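Student: Here it is, the structure in full.
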Amino acid sequence: MFNLPQIDQRTASKELVQIAKIQANDILTSIRGVDYVMLCSTDGFELASVHKKDDYNSAKLAAVSSSILAMVGAFLNEFQLSGCQNITFDAENGKAILTSIPAPHHPMVMVTLSSKDVLLGQLLYSLKQASTAIVKADTP
Amino acid sequence: MQSNILKDLSDSMSGHCINIAISGISSKISDELKIELRKIIPNHFDIDWINIASQNIDLLLIHEKFFETQGIQQLIKQKKILFLKVSNEHRSVSSILENNVLFPPFQYSETLKKWIQSHLLNYLPNQEYQGEQLGLTASKNETINLISLSKTLRLENVQLHLFDHHGTLAIIDTYRKLAWIEPTRLHTKTNYSLNYEYAKEIELTNIYQKYETDLQDWLWNLFWYSSELHCLDLAENEYYKIDYWPQPNQKVDQKMILQLSACFIQGAQLSQVMRQLKLPIETVQKFISACIISNNGKIISATESRYKYNDVPIATEQQGFLNKFFGKMRSRFGL
Amino acid sequence: MILQQYKIVFVGSMGAGKTEAIKSLSEIPVLATEAFNTDSKAHNKIQTTVGIDYGEITLDDGAKIGLYGTPGQARFDFIWPLICKGALGVIILIDHNNEAPLEELESYLNTFKSYNKNISIGITHIDENTNHSTTIYREWIIKNKYAYPLFLIDAREKEHILLMIESLVANLEVNFKAMS
């Protein structure tokens, strides 16, 4: 039977956000070239962010990121591809990665901004680890 | 807001306006009296409801408790004004006694009707309605009733019972702008037998049994879709502007109604709209009639209109493309 | 004016029924970009649109009309000008059940009239809130002398959405011909 979440439990708890923030901070500090990591709800609200540079409008980024991920998810569905995990944007002067965190009660999006020369493989692996940890924390 | 057409129509027939002042009476009773007097006094007489301080009072209706006051006595004696005292005391039938006292209920009052005829109308210029003179027959009588109804509907706080020879249509409240429709007549039409009266207490109590809807929308749809109701004869060269788009409650004629609305919301001339939309003038007049009845808009001057019809034929690729496109849209949507 | 993009855009307050309106008309399953709604104060519903909903109708000659639904919340306003560009018209849907529906309507109108002139307004959920009279909308139209069509509708009813689309089409026809 599918139990709908209680209304007052729709927003992620402080504890969950704290756990997610720790994961984000690990990525920021352990991987060279990462400048900014932000967590938001899938409906576009910023939950937490950690950064070396403070140039970004986090609230706006949260909304845009959630939109992009939702639209890409719908796009992939057309090919019967499901469970979009990552989207990497390769720009001339840097990279942006949107990572889907499919936590069962509080699904999230992690937004990572890095320099162009970041070790992408290492970053993607760490993002996967972080996602797994957050999902586990949200699973009773 | 009176539309000029109504005033012009009356004036062209009578040239006489009756000035009636009502004083010292509650607004509810005042409205009841206005309805009855409007019904009694032939429609070719216009009525102006004026203030007691105005100069030319033809008839004064005054609450009997204020009649003896110095101010009123002076007014009546100096200007020799025709008056009627109004009492609160209910009688089984409405009656007028020697001292010009009118007792409620006021509806269907034969005595009031006779009194008005003998004391007021007989002294006015004899301008009986000359239907033949205006080249119109039965349809014009319906138009006169429509004018009377239209004016009554503009009163701000009345509750009316609308009916025709099939029975009740609806109870309406002009203050709350609501209509309670008889459930068996939700998408009804009506005809020349349309009539109205002041709603009784019992009818107002039972409105919960009926279907509640917006008054102006309902009136508009009733008058548009009742093909047997003739419309007000607005001249082709007149300009009219509606205040809002009426909402059709049926799919039939929807496209036409919306196109007419798109023109008249800007203020437009009837003949220009008729030409652009390729509709008969009667259809355009019917649209405007329904708008007048539902108190939507007014006649305007040419300078106030914004709609511009370009009658130069356009044979561009774009126009052809647009026509094709709209045609397909309509056909696909079943519009 | 050359119409190259056949699209009609649905905008308006959260929960007004934009996604429902598109679903009622679309002949394809609607591509919905919904996410779990964490803002229960704004609206109680479980899902909310965060991207662009897409539905479609095909005309007889194969031409397609896209029905685009947008998220209503202000934080997604970056989507609005992008999606309104070149549209046949915009349909604003307002939930009568909201606390301040008239203020919302005013706000959406002020925003969207700069993106597209052809606008039609629908007020939804009118049966759910009998405390607010629905006459407020007409009075507001009259007071501001607006020319926009405004109708009281049920967004789930195909006929009502068609009425709104028809009013967009009527406006285009009358004004395009008049301008030409």
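The values are calculated or read from the model by the stated rules, or taken from the named source; none is laboratory data. As the structure is a prediction and not an experimental result, all values here were calculated from the model. We place every Cβ from the backbone using ideal geometry, glycine too, and count neighbours over all the protein chains shown.
Student: Of these, A:S126, A:S100, which one is hydroxyl-bearing (S, T, Y), under 19 Å from A:R10 (Cα atoms) and under 14 Å from the mean Cα position of the chain (by Cα)? First the steps, then the outcome.
Tutor: Details: A:S126 fails: under 19 Å from A:R10 (Cα atoms).
Going through A:S126, A:S100 in turn, just one is hydroxyl-bearing (S, T, Y), under 19 Å from A:R10 (Cα atoms) and under 14 Å from the mean Cα position of the chain (by Cα): A:S100.
Student: Output the residues belonging to region B:229-243 that are within 13 Å of another protein chain (Cβ to nearest Cβ), in a loop (DSSP other than H, G, I, E, B) and of a type outside the set (D, E). Let's see the steps before the verdict.
Tutor: Of region B:229-243, the ones within 13 Å of another protein chain (Cβ to nearest Cβ) are B:241-243.
Then keep just the ones that are in a loop (DSSP other than H, G, I, E, B); that gives B:242-243.
Of everything in region B:229-243, just one residue is within 13 Å of another protein chain (Cβ to nearest Cβ), in a loop (DSSP other than H, G, I, E, B) and of a type outside the set (D, E), namely B:I242.
Student: Now, a different point. Take the residues of region B:244-258 that are within 23 Å of the chain's Cα centre (by Cα) and more than 7 Å from every other protein chain (Cβ to nearest Cβ): which is nearest to C:E139 (Cα to Cα)?
Tutor: Among them, the one singled out is B:P246.
Student: Restricting to region A:62-99, name every residue that is surrounded by 20 or more Cβ atoms within 10 Å (Cβ to Cβ) and more than 10 Å from chain C (Cβ to nearest Cβ).
Tutor: Within region A:62-99, A:I97, A:L98, A:T99 meet the criteria.
Student: Of the numbered conditions (1) outside the structural domain of B:S331 (by TED's automatic domain parsing); (2) more than 30 Å from B:R332 (Cα to Cα); (3) in contact with a Ser or Thr (Cβ under 8 Å, 6 or more places away or on another chain); (4) not acidic (D, E), B:T213 satisfies every one except a single condition; which is it?
Tutor: Status for B:T213: all satisfied but (3).
Student: Turning to a different aspect of this structure: Anything in region C:154-171 that is buried (at least 21 other Cβ atoms within 10 Å of the Cβ), under 18 Å from C:L67 (Cβ atoms), facing chain B (nearest Cβ under 9 Å) and of a type outside the set (S, T, N, Q)? List them, or say none.
Tutor: Matches in region C:154-171: C:L163, C:I165, C:E166, C:V169.
Student: Still on this structure, I have one more. Any idea how many residues of region C:128-142 are farther than 20 Å from B:L258 by Cβ and either free of Cβ contacts under 8 Å to residues at least 12 places away in the same chain or not in a loop (DSSP other than H, G, I, E, B) (or both)?
Tutor: The qualifying residues number 7.
Student: One residue is enough: does region B:259-270 have a residue meeting the conditions in a helix (DSSP H, G or I), crowded, with 24+ Cβ neighbours inside 10 Å and either among the hydroxyl-bearing types (S, T, Y) or away from chain C (no Cβ under 14 Å) (or both)?
Tutor: Applying the first criterion (in a helix (DSSP H, G or I)) to region B:259-270 yields B:259-264, B:270.
Of the ones still in play, those that are also crowded, with 24+ Cβ neighbours inside 10 Å are B:260-264.
If we keep only those that are either among the hydroxyl-bearing types (S, T, Y) or away from chain C (no Cβ under 14 Å) (or both) as well, we get B:261.
Yes: one or more hits.
Student: Which condition does B:D217 not pass, out of (1) under 20 Å from C:H160 (Cβ atoms); (2) assigned to a loop (DSSP other than H, G, I, E, B), if it passes all the others?
Tutor: Condition not satisfied by B:D217: (2).
Student: Still on this model: Could you check, for region B:178-201, whether at least one of its residues is under 26 Å from C:Y137 (Cβ atoms), within 13 Å of chain C (Cβ to nearest Cβ) and either surrounded by 14 or more Cβ atoms within 10 Å (Cβ to Cβ) or in contact with a Pro (Cβ under 9 Å, 6 or more places away or on another chain) (or both)?
Tutor: yes
Student: Next question. Which of the residues that make up region B:68-82 are surrounded by fewer than 19 Cβ atoms within 10 Å (Cβ to Cβ) and on the phi < 0 side of the Ramachandran plot?
Tutor: Step one: of region B:68-82, the residues surrounded by fewer than 19 Cβ atoms within 10 Å (Cβ to Cβ) are B:68-71, B:73-74, B:76-82.
Once the filter is applied, which keeps residues that are surrounded by fewer than 19 Cβ atoms within 10 Å (Cβ to Cβ) and on the phi < 0 side of the Ramachandran plot, region B:68-82 yields B:E68, B:T69, B:Q70, B:G71, B:Q73, B:Q74, B:I76, B:K77, B:Q78, B:K79, B:I81, B:L82.
Student: Can you spot a residue in region C:114-122 that is more than 10 Å from chain B (Cβ to nearest Cβ), in contact (Cβ under 8 Å) with a residue 60 or more places away in the chain and among the aromatic types (F, W, Y)?
Tutor: no
Student: Scan region B:39-75 residue by residue and report those that are under 17 Å from B:L121 (Cβ atoms) and part of a strand (DSSP E or B).
Tutor: Taking region B:39-75 first, the residues under 17 Å from B:L121 (Cβ atoms) are B:39-48, B:56-61.
Within region B:39-75, B:D46, B:I47, B:D48, B:L59, B:L60, B:L61 qualify.
Student: Quick one: would you say A:T139 is within 22 Å of A:V17 (Cβ to Cβ) and part of a strand (DSSP E or B)? Please lay out each step first, then the result.
Tutor: On the way: within 22 Å of A:V17 (Cβ to Cβ): yes; part of a strand (DSSP E or B): no.
No, not satisfied.
Student: Looking at region C:131-142, which of its residues are within 10 Å of chain B (Cβ to nearest Cβ), out of contact with any His (no Cβ under 7 Å at 6 or more places or on another chain) and farther than 13 Å from C:I121 by Cα?
Tutor: Passing the criteria: C:S133, C:T135, C:E139, C:I142.
Student: All but one of (1) more than 17 Å from the chain's Cα centre (by Cα); (2) more than 26 Å from B:A179 (Cβ to Cβ) hold for C:T134; which doesn't?
Tutor: Result: C:T134 fails condition (2) only.
Student: Quick one: C:E56 ticks every box in (1) crowded, with 20+ Cβ neighbours inside 10 Å; (2) within 13 Å of another protein chain (Cβ to nearest Cβ) bar one, so which box is it?
Tutor: Every condition holds for C:E56 apart from (1).
Student: Further, regarding this structure: Assess whether C:G72 counts as being in a loop (DSSP other than H, G, I, E, B), at negative phi and touching a residue at least 60 places away in the same chain (Cβ under 8 Å).
Tutor: Working: in a loop (DSSP other than H, G, I, E, B): yes; at negative phi: yes; touching a residue at least 60 places away in the same chain (Cβ under 8 Å): yes.
It is true that C:G72 is in a loop (DSSP other than H, G, I, E, B), at negative phi and touching a residue at least 60 places away in the same chain (Cβ under 8 Å).
Student: Something else now. Among the listed residues C:N37, C:N110, C:N97, identify the single one that is among the polar types (S, T, N, Q) and either over 24 Å from C:L163 (Cα atoms) or in contact with a helix residue (DSSP H, G or I) (Cβ under 6 Å, 6 or more places away or on another chain) (or both). Spell out the reasoning first.
Tutor: On the way: C:N110 fails: either over 24 Å from C:L163 (Cα atoms) or in contact with a helix residue (DSSP H, G or I) (Cβ under 6 Å, 6 or more places away or on another chain) (or both); C:N97 fails: either over 24 Å from C:L163 (Cα atoms) or in contact with a helix residue (DSSP H, G or I) (Cβ under 6 Å, 6 or more places away or on another chain) (or both).
The match here is C:N37.
Student: What do you reckon, is A:A130 in contact with a helix residue (DSSP H, G or I) (Cβ under 7 Å, 6 or more places away or on another chain), modelled with pLDDT of 95 or more, away from chain C (no Cβ under 14 Å) and on the phi < 0 side of the Ramachandran plot?
Tutor: Yes: the conditions hold for A:A130.
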